[in-house]
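Here the structure is laid out as structure tokens; the discussion comes afterwards.
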Amino acid sequence: QVQLVESGGGLVQPGGSLRLSCAASGRNFSLYAMGWYRQAPGKERELVATITSGGSTNYADSVKGRFTISRDNAKNTAYLQMNSLKPEDTAVYYCNADVKANPGGFQYRKWGQGTQVTVSS
């Protein structure tokens with residue numbers, strides 16, 4: 001069973017930066033696309049950024065130019081560098097990954113448990 005563990009959340013002042021990490025662990029699996037989503041209180045979960053196994057990226061308009069998604073395939077880890085943070089970025093951030101068990105398993109989407117990001121002075 002693959003597990004995703006997020007880290008790096010916390011409290012930061014407006015204009016500050018945080019770097020989130022999402023590490024996948026388990027046995028005999030392959031990772032495909034990975035992504036970050038967020039959910040603010042009273043709102044639906046929304047896409048923040050995604051990255052394919054080949055490194056192609058996609059961002060929500062609200063974070064373009066401020067956030068950068070990346071991954072280290074050797075470490076089975078994705079990152080979200082968040083700069084110029086705003087109070088409206090406050091949310092629980094969730095990592096997900098498309099995973100396939102090897103050999104011959106089916107592909108499925110795995111979610112992490114989430115990490116809180118609070119932007120406040």
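The values are calculated or read from the model by the stated rules, or taken from the named source; none is laboratory data. Keep in mind that this is a model prediction, so the values were computed, not measured. Positions of Cβ are backbone-derived with ideal geometry, glycine not excepted, and every protein chain shown enters the neighbour counts. Remember, those area values only see protein heavy atoms, side chains included, never the ligands or the DNA or RNA. Shrake-Rupley method; radii C 1.70, N 1.55, O 1.52, S 1.80 Å.
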Query raised in the report: At what distance in nm do the modelled label points of Ser120 and Lys100 sit from each other, each positioned 7 Å from its Cα along Cα→Cβ?
Result: 4.4 nm
Requested in this report: Could you please put Phe67, Phe106, Phe29 in sequence from largest to smallest accessible area, using a 1.4 Å probe?
Outcome: Phe106, Phe29, Phe67
Query raised in the report: Accessible area per residue of the chain at 1.4 Å probe, in Å²?
Result: 53 Å²
Report task. Provide the FRET efficiency to the nearest 0.05 for the Asn58-Lys86 pair, computing r from the beta carbons and using R0 = 22 Å. Result -> 0.60
Requested in this report: Express the carbon and sulfur contribution to the solvent-accessible surface of the chain as a percent, rounded to the nearest whole number, probe 1.4 angstrom.
Outcome: 47 percent
Report task. Ignoring everything but the protein chains, give the 1.4 Å probe accessible area of Ser121 in square angstrom, nearest 10. Result -> 130 Å²
**Report entry** Rel. contact order, % - alpha carbon contacts under 8 angstrom, at least six apart, region 22-106
**Finding:** 40 percent
Query raised in the report: For Gln39 and Arg66 in the same chain, what is the full-extension length gain: residue separation times 0.36 nm, less their Cα-Cα distance, in nm?
Result: 7.9 nm
